[in-house]
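Have a look at the structure that comes next, please.
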Amino acid sequence: MAHAVKELFPDTKFAIGPAIADGFYYDFDCGHAITQEDLPRIEEKMKEIIKANKPFIRKDMPKEEALNFFQESGEIYKVELINEITEETVSIYEEGNFADLCRGPHLESTGKVKAFKLLNVAGAYWRGSEKNKMLQRIYGVSFPAKDELKKHLEFLEEVKKRDHRRLGKELDLFSMNDDIGAGLVLWHPRGAVIRRAIENFWLDEHCKAGYQILYTPHMAKLDLWKKTGHVDFYKENMYSPIEIEGLEYEIKPMNCPFHVSIFKSHLRSYRELPLRFAELGTVYRYERSGVLHGLLRVRGFTQDDAHIFCMEDQIEEEVLKVLEFTLFVLKTFGFSDYDIYLSTRPDKYVGTDAAWEKATGALEHALKKKELRYEVDPGEGVFYGPKIDIKVRDSLGRQWQCSTIQVDFNIPERLDITYRGTDSKDHRLIMIHRALMGSLERFFGVLIEHYAGAFPLWLSPVQISVLTISERHVEYCKRIIGSLLAAGIRADMDEENEKIGYKIRKAAVLKTPYMCIIGDKEMESNAVNIRKRNGENVGEMSLDNLTTFLKDEISNRR
């Protein structure tokens, strides 16, 4: 692809072009503004290069020689990359009259490339920093056979249909506004209904599980974040401090220190432990504009956060309970397929090696006790302790990071959190951080794509739409609506002066689970006629039976 771009646009300079999990991309600095319309031209040129079947030839050059090679051709980005390489030699690959810096390995020749497709063009800052130049990025995919490519492109079409940003607009669920700021979400009434259903479920289940619900401020003095270590280890994700009456305050990136403060508000006895605090707490993190992505990557979001304060010998039992709770919640929302990772000590960390081993062992024992399959993810723990990450797979098999369970011995040490033991002495305790859904915004985005906007009944913003065939049916429909609303069922009525077919299509486009169609026959029999959003006719039933039918499905969260 790089060779083809160079042939078509000779002034192009090359940045980075890696293989990625779902294809490849290359970043270009090109005088020509590459658009989607250019991709077929680039593909045709690629086919010519493939047809020529030129061999890929590897050359290992001394670093200085490679620097001269790329300086002479004006490849400023390659020069910058080579200057950062610590090895004495670098590898360059050639095919035909084209050469590029690459680690390799490669296929034997260009002719070995069989099936490919260039997908789209995007902007990308050099090295991911908005302080650097904006480059042009071309994404593509390649497969050994045409049928595999065809299958993948069909998959991408399905992904496109489910894009939560498109569905969010079509279903009037949420929006983002440049006047307000990038990465900040506006929940519309229909989206807010779903959020409230999620929150109500979360609150009810946490109360049943022995959690105490908290509410905390959106900012705190900067000194607090220095004590916790966030300024040292997390500063790049925090916003600049705000000065209030000569003191610096920080918008919170985490809820943890607030929960600690509540724990420390009075002396705690071993009899109170484990103590479980939970909060739907909104936090703010500085995400670069280049990585923001709808609801999946935002700057302000609400965590379903909880912190468990326990003794060291209670860690494993508490982790077991959190695992059970997590899997129950995920299953309720329709996720029964997931991957589990045990993330171990990173290069930059706090605490002793012995504490890390003990905490990691407790997490591992809990996973084994639950007979859950997991993979070790070396070095991916957070700076204050190891963690378990649970990544759900949606209806298309895509993986999403949601749940996390983290053992922390750093904050208890830094903030001096203790409990009074059986010996009447103070002892250091352990903190377990956990989030089941991760953030409501991200989880909601995943739900939209998982269900393609067709939410199960208990989550749907409107659960049933009552449709009138003519104006004379309006009063009867109003009685039906009143009865449904009184039963706690989310219902609306379409009494527009339109044909019934139009009203049915309109409700189907909004993914309303059920439609109640009312005409003369239903009025005469004092009944309702029910239709599903997929076109299936449920049939005629009494209003009492309809209410029972809907409430049963809602309560079972099917």
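Would you confirm whether or not the range 46-59 contains a residue that is over 23 Å from THR110 (Cβ atoms) and in a helix (DSSP H, G or I)?
Within the range 46-59, none of the residues are over 23 Å from THR110 (Cβ atoms) and in a helix (DSSP H, G or I).
Inside the range 356-390, can you point out the residues that are among the basic types (Lys, Arg) and without any contact (Cβ under 8 Å) to a residue 40 or more places away in the chain?
Matches in the range 356-390: LYS368, ARG373.
Which one of LEU267, LEU280 is hydrophobic (A, V, I, L, M, F, W, C) and in a loop (DSSP other than H, G, I, E, B)?
LEU267
Step by step: first the residues of the range 237-250, then only those that are buried (at least 17 other Cβ atoms within 10 Å of the Cβ) and over 22 Å from the mean Cα position of the chain (by Cα), then the one that is farthest from GLU279 (Cα to Cα). Which residue is that?
Residues of the range 237-250 that are buried (at least 17 other Cβ atoms within 10 Å of the Cβ), as a first pass: 238, 249-250.
Subsequent filtering for residues that are over 22 Å from the mean Cα position of the chain (by Cα) retains 249-250.
Working: TYR249: 21, GLU250: 19 Å.
Here the answer is TYR249.
Now for a separate question. Part of a loop (DSSP other than H, G, I, E, B), crowded, with 17+ Cβ neighbours inside 10 Å and either of a type in the set (S, T, N, Q) or within 21 Å of the chain's Cα centre (by Cα) (or both): is that true of GLY191 in this structure?
It is false that GLY191 is part of a loop (DSSP other than H, G, I, E, B), crowded, with 17+ Cβ neighbours inside 10 Å and either of a type in the set (S, T, N, Q) or within 21 Å of the chain's Cα centre (by Cα) (or both).
Continuing with the same structure: If only one of LEU280, LEU295 is of a type outside the set (Val, Ile, Thr), buried (at least 18 other Cβ atoms within 10 Å of the Cβ), closer than 29 Å to ALA362 by Cβ and in the same structural domain as LYS358 (by TED's automatic domain parsing), which one is it?
LEU280 is the lone residue from the list that is of a type outside the set (Val, Ile, Thr), buried (at least 18 other Cβ atoms within 10 Å of the Cβ), closer than 29 Å to ALA362 by Cβ and in the same structural domain as LYS358 (by TED's automatic domain parsing).
Name the strands (runs of 3 or more DSSP E) wholly inside the range 382-497 in which the number of residues that are crowded, with 19+ Cβ neighbours inside 10 Å is 1 or more.
Strands (runs of 3 or more DSSP E) meeting the threshold: 387-393, 399-408, 418-420, 430-439, 464-468, 491-494.
Quick one: which residue in LEU342, LEU320, LEU372 is buried (at least 18 other Cβ atoms within 10 Å of the Cβ) and of a type in the set (A, V, I, L, M, F, W, C)?
Checking each option against the conditions leaves just LEU342.
Sticking with this one: Here is a check on your reading of the model: is SER73 more than 21 Å from ALA122 (Cβ to Cβ), out of contact with any strand residue (DSSP E or B) (no Cβ under 7 Å at 6 or more places or on another chain) and of a type outside the set (Lys, Arg)?
When the stated conditions are applied, SER73 passes them.
In this structure, does LEU214 turn out to be touching a residue at least 60 places away in the same chain (Cβ under 8 Å), within 27 Å of VAL329 (Cβ to Cβ) and hydrophobic (A, V, I, L, M, F, W, C)? So that I can check it myself, show each step before the final result.
Values: touching a residue at least 60 places away in the same chain (Cβ under 8 Å): yes; within 27 Å of VAL329 (Cβ to Cβ): yes; hydrophobic (A, V, I, L, M, F, W, C): yes.
Answer is yes for this residue.
Checking the conditions here, which among GLU108, GLU84, GLU88, GLU72 is acidic (Asp, Glu), assigned by TED's automatic domain parsing to the domain that holds GLY17, surrounded by fewer than 13 Cβ atoms within 10 Å (Cβ to Cβ) and closer than 20 Å to ALA145 by Cα?
Among GLU108, GLU84, GLU88, GLU72, only GLU108 is acidic (Asp, Glu), assigned by TED's automatic domain parsing to the domain that holds GLY17, surrounded by fewer than 13 Cβ atoms within 10 Å (Cβ to Cβ) and closer than 20 Å to ALA145 by Cα.
Say we look at the range 20-45 and pick out the residues that are part of a helix (DSSP H, G or I) and not acidic (Asp, Glu); which of these is nearest to ILE76 (Cα to Cα)? Give the derivation first.
Step one: list which residues in the range 20-45 are part of a helix (DSSP H, G or I), which gives 36-45.
Among the residues that remain, those that are also not acidic (Asp, Glu) are: 36, 39-42, 45.
Numbers: GLN36: 26, LEU39: 25, PRO40: 28, ARG41: 26, ILE42: 23, LYS45: 25 Å.
Filtering the range 20-45 for residues that are part of a helix (DSSP H, G or I) and not acidic (Asp, Glu), the one nearest to ILE76 (Cα to Cα) comes out as ILE42.
Can you tell me which residue within the range 526-546, out of those that are under 15 Å from CYS477 (Cβ atoms) and assigned to a helix (DSSP H, G or I), is modelled with the lowest pLDDT?
LEU543
Cβ-Cβ below 6 Å, separation at least six or inter-chain, first residue in the range 169-189 and under 17 Å from LEU510 (Cα atoms), second surrounded by fewer than 17 Cβ atoms within 10 Å (Cβ to Cβ) and hydrophobic (A, V, I, L, M, F, W, C): which pairs?
Listed pairs, sorted by first residue: SER175/LEU186.
Next question, about the same structure. Scan the range 114-130 for residues that are outside any strand (DSSP E or B), touching a Phe, Trp or Tyr at 6+ places or on another chain (Cβ under 8 Å) and under 16 Å from ALA15 (Cβ atoms) and jot them down.
TRP126
Continuing with this model, one more query. Taking the residues in the range 514-558 that are exposed (fewer than 12 other Cβ atoms within 10 Å of the Cβ) and small (Gly, Ala, Ser) as candidates, determine which candidate is nearest to GLY334 (Cα to Cα).
If we take residues in the range 514-558 being exposed (fewer than 12 other Cβ atoms within 10 Å of the Cβ) and small (Gly, Ala, Ser), then SER555 is nearest to GLY334 (Cα to Cα).
The values are calculated or read from the model by the stated rules, or taken from the named source; none is laboratory data. Remember, it's a predicted structure, so these values are computed and weren't measured experimentally. Quick reminder, even Gly has a Cβ in these numbers, built from the backbone with ideal geometry, and neighbours come from all protein chains shown.
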